[in-house]
Amino acid sequence: MMKLNPNMKWSFLILVSLSFFMQSCLEDSCNETRTFIESVPVYVDEATIRTDITYNASRALENAGKIYSYGKYIFINEQREGLHIIDNSEPTSPQNIGFINIPGNFDMAIRDDVLYADSYIDLLAIDISDPTNPDLLCRLESVYNQYEFWEDRGYLVYWEETENTIEVDCQDPRWSQDVFFENNNRFNTIDVALDASGASPSAGGGAKGIVGVGGSTARFTITKNHLYAVDQGSMYIFDLEVAQKPVQQSTVALGWGIETIWPYKDLLFIGGNTGMQIFNNDIPERPYFLSEFSHARACDPVVADDKYAYVTLRDGSACESFSNQLDVIDIADLKSPQLVKSYPMDNPHGLSKVREHLYICEGQGGFKVFDASDPEKVDSNLLDHVKGIVAYDVIALSEDHIIVIGDDGLYQFDATDKDNLKELSLISVPK
């Protein structure tokens, strides 16, 4: 056996000691603090879903969603909770007059004083001839399939999100993961956080009787005596011949990632996070597919006129995209839509087109008005930019009267001078 001389022994001991020291230092250097979004699943059972609607005195806006105009009223969705009723007889002084509690509500459409609203997986028909005394006329149960069902827990309706800071080291399985589960809760790094708004199946179209008007982020629309509703993967068609008792006629598969529906004449424009689909609904109960215009994955509201469709694409956690742009699409040939031009935007959300004027909500970037008479020069024809507001969707009540919803609340503008919009009023969200 070889023997080490004293000098070699000391060298060996020093090397071993250094190796332990370096290993200890490396282990210590592996520790890091990471911030995740902890998403806790929220379930509801059928008894909760079937809770009766109620009417309450007005309450402040907290988490405003979709907007809908009907007669002298504006309805504002409080996400998952119901509808604020705004008497807009005087646009300079709108009055918040009441609240209809509708569990799990996101969308609405109205015709002839009957409000159609989603309540989780159900469709409700509600008499609002007196909005302060709503009367549930009909409930169609389990017509939507957008929520996962668990026998022991009920329907998974959304994820409640909170930030959670966790210290992990390199031996921890969570060290390199952007998504992981613990105790049924989901943890995501901030850049891949879930969209907590949930999914739920409103733009107004022509129909028998008086029909309201929704925005471009709508998932409900009424046209040709039918209600069309979309969720993430399907379009549901309801016959409204007897307004108080809607009848589900058919369901059309649309693929995944569907977000919005917009009616125009005999057409339905479907916005999804991978493209725009065009359907013909000259046979209202059986709309049929004409074409699709594909784009990079992005959130995608759409509006249209006789010649062009206008699509906003934006980034965001729910859309997994880095695009912020406006696409102008030639739809002269409905079976072969063609891109005219794309324009960079800040963070575009909902939009509206009135004659040659295009209104675009830019999220934190405010609200813009363009002259879109030349579809190839939209970006050089910015008429006004309202800054300092958060804008998500817009409805043109007339050529000169615009309403905008966002985190701040409900704005109304006099748009007589398109170069200088004038604020008429604001129903604000308390800070």
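For I403, indicate whether it is touching an Asp or Glu at 6+ places or on another chain (Cβ under 8 Å), among the β-branched types (V, I, T) and modelled with pLDDT of 95 or more. Here the answer is no, as I403 does not meet what is asked.
Of all residues in region 82-141, count the ones that are among the hydroxyl-bearing types (S, T, Y), within 22 Å of A243 (Cβ to Cβ) and under 25 Å from the mean Cα position of the chain (by Cα). Steps first, answer last, please.
We begin by selecting, within region 82-141, every residue among the hydroxyl-bearing types (S, T, Y); these are 89, 92-93, 116, 119-120, 129, 132.
Remaining after also requiring within 22 Å of A243 (Cβ to Cβ): 116, 119, 129, 132.
If we keep only those that are under 25 Å from the mean Cα position of the chain (by Cα) too, we end up with 116, 119.
Total meeting the criteria: 2.
When E356 is tested against the conditions (1) surrounded by fewer than 21 Cβ atoms within 10 Å (Cβ to Cβ); (2) touching a Pro at 6+ places or on another chain (Cβ under 9 Å); (3) under 20 Å from P263 (Cα atoms), the lone failure is (2). Within region 202-231, the set of residues being more than 18 Å from K265 (Cβ to Cβ), modelled with pLDDT under 95 and of a type outside the set (G, A, S) comprises I210, D231.
If you check E362, E399, E376 for being within 25 Å of S294 (Cβ to Cβ) and surrounded by fewer than 13 Cβ atoms within 10 Å (Cβ to Cβ), only one passes: E376.
Within region 22-78, the set of residues being hydroxyl-bearing (S, T, Y) and either modelled with pLDDT under 95 or on the phi > 0 side of the Ramachandran plot (or both) comprises S24, S29, T33, T35, S39, Y43, T48, T51.
Scan region 311-333 and give yes if some residue there is touching a helix residue (DSSP H, G or I) at 6+ places or on another chain (Cβ under 9 Å) and among the β-branched types (V, I, T), otherwise no. Within region 311-333, one or more residues are touching a helix residue (DSSP H, G or I) at 6+ places or on another chain (Cβ under 9 Å) and among the β-branched types (V, I, T). If you scan region 270-300, which residues turn out to be over 23 Å from the mean Cα position of the chain (by Cα) and either in a strand (DSSP E or B) or hydroxyl-bearing (S, T, Y) (or both)? If the condition is that a residue be over 23 Å from the mean Cα position of the chain (by Cα) and either in a strand (DSSP E or B) or hydroxyl-bearing (S, T, Y) (or both), then N280, Y288, F289, L290, S291 are the ones that fit. The single residue among L115, L123 that is of a type in the set (A, V, I, L, M, F, W, C), more than 14 Å from T54 (Cβ to Cβ) and touching a Leu at 6+ places or on another chain (Cβ under 7 Å) turns out to be L123.
Go through region 389-418 and report how many residues are touching a Gly at 6+ places or on another chain (Cβ under 7 Å) and part of a strand (DSSP E or B). So the count comes out to 4. Scan region 151-172 for residues that are loosely packed, with under 13 Cβ neighbours inside 10 Å, at pLDDT 70 or above and more than 12 Å from S39 (Cα to Cα) and the total you get is 2.
For region 209-265, filtering for residues that are among the β-branched types (V, I, T) and over 16 Å from the mean Cα position of the chain (by Cα) leaves 10.
With respect to the conditions (1) crowded, with 21+ Cβ neighbours inside 10 Å; (2) part of a strand (DSSP E or B), S216 lacks only one, and its number is (2).
The single residue among K387, K335 that is surrounded by fewer than 17 Cβ atoms within 10 Å (Cβ to Cβ), within 21 Å of S425 (Cα to Cα), at pLDDT 95 or above and out of contact with any Lys or Arg (no Cβ under 9 Å at 6 or more places or on another chain) turns out to be K387. For region 47-98, a residue qualifies if it is crowded, with 18+ Cβ neighbours inside 10 Å, in contact with an Asp or Glu (Cβ under 9 Å, 6 or more places away or on another chain), in a loop (DSSP other than H, G, I, E, B) and of a type in the set (D, E, K, R), and exactly one does: E81.
The values are calculated or read from the model by the stated rules, or taken from the named source; none is laboratory data. Computed from a prediction, not measured in an experiment: that's the story for all the values here. Note: ideal-geometry Cβ built from the backbone for every residue, glycine included; neighbour counts use all protein chains shown.
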